[in-house]
Structures are given as structure tokens and as C-alpha cells.
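Q: I'd like to ask some things about the structure below.
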Amino acid sequence: MSRAGNPFDYARRWWMRAILAASFLFLYFPIVALIAFSFNNSKRNINWRGFTLKYYEKAFANEALHDAFINSMIVASISTLVSTVLGAMLGILLYRFRFPLKGAYEGMVHLPIVIPEVCMGVALLAFFAAIKMPLGLTTITVSHIAFTIPFVAVVIRARMAGFDRSLEEAACDLGAGQWQVMRDITLPYLKPGLIAGAMLAFTLSLDDFVITFFTSGPGSTTFPIKIYSMVRFSVTPEVNAASTLLIVLTLGLTVVAMWVQSRGDGGAGARKEGA
Amino acid sequence: MENWRDNRSLFAALMVPPTFWLVLFFTLPLALVWIYSFGERGPQGQTLLAFSFANYARALEWIHLGILFKSLAIAALTTAISLLIGLPVALGIAFAPKRWRGLLLVLVILPFWTNLLIRTYAWIAVLRTTGFVNTGLEGAHGALSALLAGLGWPEALGQFEPLSLLYNQRAVVVGLVYVHLPFLILPVYASLEKLDRSYLEASLDLGAGHWRTLVSVLIPLAWPGIASGALLVFILSLGTFLTPDLLGGTDSIMIGNLIAQQFGPSRDWPFGAAISFLLMYLTFAVLWVRAGYANRQQGQVTV
């Protein structure tokens, strides 16, 4: 499609380039400015007064921010571990089995992806109040597991879609029991999907604000909640520095997840294109 | 696919743990809120179980209906602006040379991996009184004033008054377009990428211009993707809580904020529960329409 003179080569027209440039400026200017001004040597955050790392030092020295970061890491690690296992089970289940009311069941388990976050947040708040469970890291973790399970399941199911069932059959014919097949054939094939799903769960948990907002208590501030309260208080370069750290962390994890996933899919993708 | 009966032990082992978790910490809480939505608020703000539609009736009173309509209007405006920006961008990417396409797509997806709160917060620095836009305008104003003064019109423009760009509905719409634009660009791109380009060539060969081809051939063919992206942007904007909370003022409260208020400072859970379910019903209605388009799009691929 890239041969010169193609009538649909809109990307070569100046107006299309102008539209694309303007749109990407719109998408990137605020975030790039936020990152750039975390290095700005001025409290007022608007004129460039030279490069400094002092706001990073301040952010690192800020104990409340530190605690919030540790809390986020604890919540994200535990919820990732649990939701990867449960999400993988769900993904394999939906890939593998036909059962009565499957459509309704699928709708139910995918609901956390589609309902407004604020609805899920207040529902969990009401539920924890009803069972008299004090809000804290436990309630946050439990809630994060609930909303990340379907996302993991989607990733796992997509990975399973490329699976060659004859491998399992061959293993069975050679005398392997079904648990052994699961352990030696299915799970190794699933490994890139599991890693990608876990990374997704981790970043979703790390980034979540709305559901955490409703399920956290006074002593259980996570990193985004802390940034939120700082933002409400005032817009300072220290907030920019903390935000930049979170962006870099999430971006880094996502890049690793994509890399793992593309390596895992490489064979299947090449096969498809060759066919 | 296997029938569950052929392998009951594996089926049960895979089904029970995730279902248990989701029922306990998702379905049950939703059911509880649904029951609360028919309840009453006690004198101390506690929730008393009852069976009344009073909360729903209250949600449809004028003052609350106003917030509902405003939320719908803001979501519709957000969708319209996203279409206006997103359609040309998706078109540009879909018809870009193959070696650029991957890079452009990554550029669209990249903001997804940035925290929603941070992306919203970033706009405060752009829009506030001493923000980038106002500072830029002030600079332009100063330069223009100096130029006019040099030409013999001092004081022609007067004092610079910063625009109030933040804490109003406009800021909310800008913020919503910003966070939801990729949700529109990606499905539209996907449907444009798949469509059979010989139709477009035929249209051009038969004498239609580019505009005509775009409007009568390309848009109808890509319609499932366009509709699905637009409806997604609509429901995400409708259910938003964070954007109006950070960028909006007192006049830009949306449904999500009204719900949060009832579960927070107002402490009227039954009423909050009723609005919460109204929002969910609206969301489901839109999703149901969207599912129709999604099916059609899938049908198109297999044909």
C-alpha cells in the first residue's frame, strides 16, 4: 500500500500530516510538560528555571509518599499473585468447556470490566461495611483481585486460542493423566500469557484510583491516593516528580509484558502469516 | 470445545475458585446495593431496609434529573469531539505506509499505560490561570501590545486578563476527550485496516471524488468500528468520576460524582444505590447496542 502515487496515501498529504501532528501534540503535550517540569528548578512550575533533581530528592524523602508506595507494592503483589491464578483458571475454563448458561456466566464474569468503576467502588464499600470488615490494605487487595480477574482471563483465553489441542491428545495417548497434561503441556504453553496477564494485573492494581478510593481506610493510603490528596492540596513539582516515577514504573512493566507476549506469540503469528 | 459433563472434575476445579471470588466480592456487593436502592435512610444516616421506589423517584426529581441530563450531554459532546479528532487520525494511520503504522499505533496506545489520575492532573497545569495556555496567551498579548505601541497605538489591547479555563464543564470535556480518545481511534483503525480497499478504488474509478468516496463508501463500511468506538467513549465518559472531580467546578458535577457524594459526605446510601443502578442500566443499554455492532463487525470479517 505504500507505493508512491496511491490515491489513498493520505498520510503523504500535508493536511493529514497537520492533523496527525496536532492530535499527537494534544495527546502528548500535557504529559510531557508534566514530566519536564518535575525537573524544573522553580516552585511555580511554569517558567523554566534550569534543571534540578531536588524535587525527586524531596519526593524520596517524603515519608508519607514512601509508605504509600510500599502499600501500593504490597497490594499489587498479592492481588497479582491471586488474580493471575484465578484469572488463568477462568480463562482456561471459558476456552475449554461448553456448559449450560455459558453466555450468562460470561456476561457475569466480564461485568467488572464494563461497569462504571464508581459503581463497583461504592458496592464494595457497602459490602465491607455490611460484613463489618474494617477498610484497609486487605479490603483494597480483595477488591483489586475481583476487578483484575476478568482482565487476566481475557489475556489467557486469547493465548489459549492459538493452542494446538492435538498436543494434549498426543500426551494422553502416550499415557499422561489429565493433571500431568495440564502441568507438562498446557501450562508451559500458557507461560507467556501468564506473565502478560500478571503484568497487566500488576499495572492495573498499581494504577487504580477509583476503586481504591472507596475501599481504602485512613491508614491504608496507596500511591495514587496519596498523589490525589497532594493534587487536591496544591500543584507542586514534587507531585510531578512522584507522578513521573509512577509513569516510568508502569511504562517499564508494560514494555516488559509486551516483549514477553510478542516473544511468545512470535511462532504462532509467523505461522498465520505464512498460511 | 468439550462438554462439561465429559470432564467434571477438571471443570469443577477450574470453575469453583474464580467463581467463588467473583460472586463473593463482586456479584454479592452489587446485589446488596440493589437491595439498598429500595431502602430508606435512617435519621443517623444508616441504611434501613424497606421496599419503596422513593429513591428512584427522587433520582428523577428535577434537580437530580438535571445532573443526569448534563452528564448525558457532556458524554455526547465528548463523543462528538472524539469522533471529529479520532476519525481523521484513524484514517491517517490506516492509510499510512506500513513501516510507520506500528509506530503511530504505539503512539496512540502509549497514553493508556499512563495513570488516569496523572493524565487528568496534567491538564491542571495546562489550563489553570498561570498555566501553559494562559502564559502563552499572555506572551502573545504582550508581543502584540508592544507591536501596536510601536505603531502608535499604546494601550490598544488593555491589560491581559487570563482566561478561566479550569474548573468548568469545558475543562471536563477536554479532559474526557483526552483520556478516551484512544478508545475511539483503535476500533476505527481496526475496521479501516480490515476493509477491502478495492471498493474505494472502484468508487474513485467510477468518478466519485475523495470526499464522496469517504462519505458514501468508507464510512458505511467502517461503521461498525466507528459506532463501537463512539459508544465505548460515551459510556466511559458517562460513568466518569475522576475527571469532573479534578477538572470540574461546582457546575460540572456528573452522575459518578453524585453517587460518590451519597456514599461520602451526604451519607445517603439508599439514594446513592438507586442512582448507581440507574447509571448501570444506562451503561448496559449502550453496551447492548454496541454488542450488535460488534457482532456485525465480526460477521464482516468472516465473509
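The values are calculated or read from the model by the stated rules, or taken from the named source; none is laboratory data. None of the values given here were measured: they were computed from a predicted structure. Note that we place each Cβ from the backbone using ideal geometry, even for glycine, and neighbour counts take in every protein chain shown. The protein model used for the area step is the full one, side chains on, heavy atoms only, and it has no ligands, DNA or RNA in it. Shrake-Rupley method; radii C 1.70, N 1.55, O 1.52, S 1.80 Å.
Q: Output the residue which, of all residues in the stretch B:70-83 that are of a type in the set (A, V, I, L, M) and farther than 22 Å from B:T213 by Cβ, is surrounded by the fewest Cβ atoms within 10 Å (Cβ to Cβ).
A: Checking each candidate, the answer is B:A73.
Q: Something else: In this structure, is B:A146 open to solvent by 30 Å² or more (accessible area, probe 1.4 Å), assigned to a helix (DSSP H, G or I) and over 28 Å from B:I226 (Cα atoms)?
A: When the stated conditions are applied, B:A146 passes them.
Q: Of the residues B:F20, B:F51, only one is open to solvent by 60 Å² or more (accessible area, probe 1.4 Å) and touching a Gly at 6+ places or on another chain (Cβ under 9 Å); which?
A: The match here is B:F51.
Q: Here is a follow-up. May I ask you to list the residues in the stretch A:232-243 that are open to solvent by 10 Å² or more (accessible area, probe 1.4 Å) and not basic (K, R)?
A: A:F233, A:S234, A:V235, A:T236, A:E238, listed by residue number.
Q: Provide a single number: the residues in the stretch A:147-165 that are more than 14 Å from the chain's Cα centre (by Cα) and within 20 Å of A:V210 (Cβ to Cβ).
A: 0
Q: Of all residues in the stretch B:31-43, which are outside any loop (DSSP other than H, G, I, E, B) and either surrounded by fewer than 21 Cβ atoms within 10 Å (Cβ to Cβ) or charged (D, E, K, R) (or both)? Spell out the reasoning first.
A: At the first step, the residues of the stretch B:31-43 found to be outside any loop (DSSP other than H, G, I, E, B) are B:31-36, B:40-41.
Selection gives B:A31, B:L32, B:W34, B:I35, B:E40, B:R41.
Q: Identify, from the list B:L110, B:L116, the residue that is without any contact (Cβ under 8 Å) to a residue 40 or more places away in the chain and either of a type in the set (A, V, I, L, M) or in contact with a strand residue (DSSP E or B) (Cβ under 8 Å, 6 or more places away or on another chain) (or both).
A: After ruling out the rest, the residue left standing is B:L110.
Q: I'm trying to understand the selection: among the residues of the stretch B:108-129, which are in contact with a helix residue (DSSP H, G or I) (Cβ under 6 Å, 6 or more places away or on another chain) and either more than 10 Å from every other protein chain (Cβ to nearest Cβ) or not in a helix (DSSP H, G or I) (or both)?
A: Of everything in the stretch B:108-129, those that are in contact with a helix residue (DSSP H, G or I) (Cβ under 6 Å, 6 or more places away or on another chain) and either more than 10 Å from every other protein chain (Cβ to nearest Cβ) or not in a helix (DSSP H, G or I) (or both) turn out to be B:T114, B:N115.
Q: Condition check: in contact (Cβ under 8 Å) with a residue 24 or more places away in the chain, crowded, with 23+ Cβ neighbours inside 10 Å and more than 12 Å from every other protein chain (Cβ to nearest Cβ). Does B:G249 satisfy that?
A: Answer is no for this residue.
Q: I would also like to ask the following. If I ask for residues that are surrounded by 10 or more Cβ atoms within 10 Å (Cβ to Cβ) and either of a type outside the set (A, V, I, L, M, F, W, C) or at positive phi (or both), which ones from the stretch A:168-182 would you list?
A: A:E168, A:E169, A:G177, A:Q178, A:Q180
Q: OK, next. Look at B:I93 and say whether it is touching a Lys or Arg at 6+ places or on another chain (Cβ under 9 Å), within 11 Å of another protein chain (Cβ to nearest Cβ), touching a residue at least 40 places away in the same chain (Cβ under 8 Å) and at negative phi.
A: For B:I93, the condition - touching a Lys or Arg at 6+ places or on another chain (Cβ under 9 Å), within 11 Å of another protein chain (Cβ to nearest Cβ), touching a residue at least 40 places away in the same chain (Cβ under 8 Å) and at negative phi - is met.
Q: Something else now. Within the stretch B:49-107, count every residue that is within 24 Å of B:G39 (Cβ to Cβ) and not in a helix (DSSP H, G or I).
A: Going through the stretch B:49-107 one residue at a time, the tally reaches 7.
Q: A further question on this structure: Step by step: first the residues of the stretch A:124-145, then only those that are open to solvent by 50 Å² or more (accessible area, probe 1.4 Å) and β-branched (V, I, T), then the one that is nearest to B:I259 (Cα to Cα). Which residue is that?
A: Once the filter is applied, the top-ranked residue is A:I131.
Q: Suppose we filter the stretch B:267-284 for residues that are out of contact with any helix residue (DSSP H, G or I) (no Cβ under 7 Å at 6 or more places or on another chain) and open to solvent by less than 10 Å² (accessible area, probe 1.4 Å); how many remain? Spell out the reasoning first.
A: Filtering the stretch B:267-284 for residues out of contact with any helix residue (DSSP H, G or I) (no Cβ under 7 Å at 6 or more places or on another chain) gives B:267, B:281, B:284.
After this cut, where a residue has to be open to solvent by less than 10 Å² (accessible area, probe 1.4 Å) as well, the list is none.
Looking only at that region, the number is 0.
Q: Taking B:T129 as meeting all but one of (1) open to solvent by less than 50 Å² (accessible area, probe 1.4 Å); (2) more than 30 Å from A:Y10 (Cβ to Cβ); (3) not hydrophobic (A, V, I, L, M, F, W, C), write down the number of the exception.
A: So the condition that B:T129 fails would be (1).
Q: Same structure again: In the set B:L151, B:L116, B:L165, B:L147, which member is aliphatic (A, V, I, L, M) and within 19 Å of the chain's Cα centre (by Cα)?
A: B:L116
Q: Considering only residues that are open to solvent by 10 Å² or more (accessible area, probe 1.4 Å) and either more than 26 Å from the chain's Cα centre (by Cα) or more than 13 Å from every other protein chain (Cβ to nearest Cβ) (or both), which ones fall in the stretch B:229-243?
A: If the condition is that a residue be open to solvent by 10 Å² or more (accessible area, probe 1.4 Å) and either more than 26 Å from the chain's Cα centre (by Cα) or more than 13 Å from every other protein chain (Cβ to nearest Cβ) (or both), then B:A230 is the only one that fits.
Q: Considering each of A:T84, A:T52 in turn, give the residue that is modelled with pLDDT under 90, surrounded by 14 or more Cβ atoms within 10 Å (Cβ to Cβ) and not small (G, A, S).
A: Unique residue meeting the criteria: A:T52.
Q: May I ask you to verify whether A:I70 is buried (at least 19 other Cβ atoms within 10 Å of the Cβ) and at pLDDT 90 or above?
A: No, not satisfied.
Q: Looking only at the stretch B:84-102, which residues are surrounded by fewer than 17 Cβ atoms within 10 Å (Cβ to Cβ) and either within 20 Å of B:L214 (Cα to Cα) or modelled with pLDDT of 90 or more (or both)?
A: If the condition is that a residue be surrounded by fewer than 17 Cβ atoms within 10 Å (Cβ to Cβ) and either within 20 Å of B:L214 (Cα to Cα) or modelled with pLDDT of 90 or more (or both), then B:L84, B:P97 are the ones that fit.
Q: Consider the stretch B:194-213. How many of its residues are under 30 Å from the mean Cα position of the chain (by Cα), surrounded by fewer than 17 Cβ atoms within 10 Å (Cβ to Cβ) and either under 30 Å from B:V174 (Cα atoms) or among the polar types (S, T, N, Q) (or both)?
A: Final tally of qualifying residues: 1.
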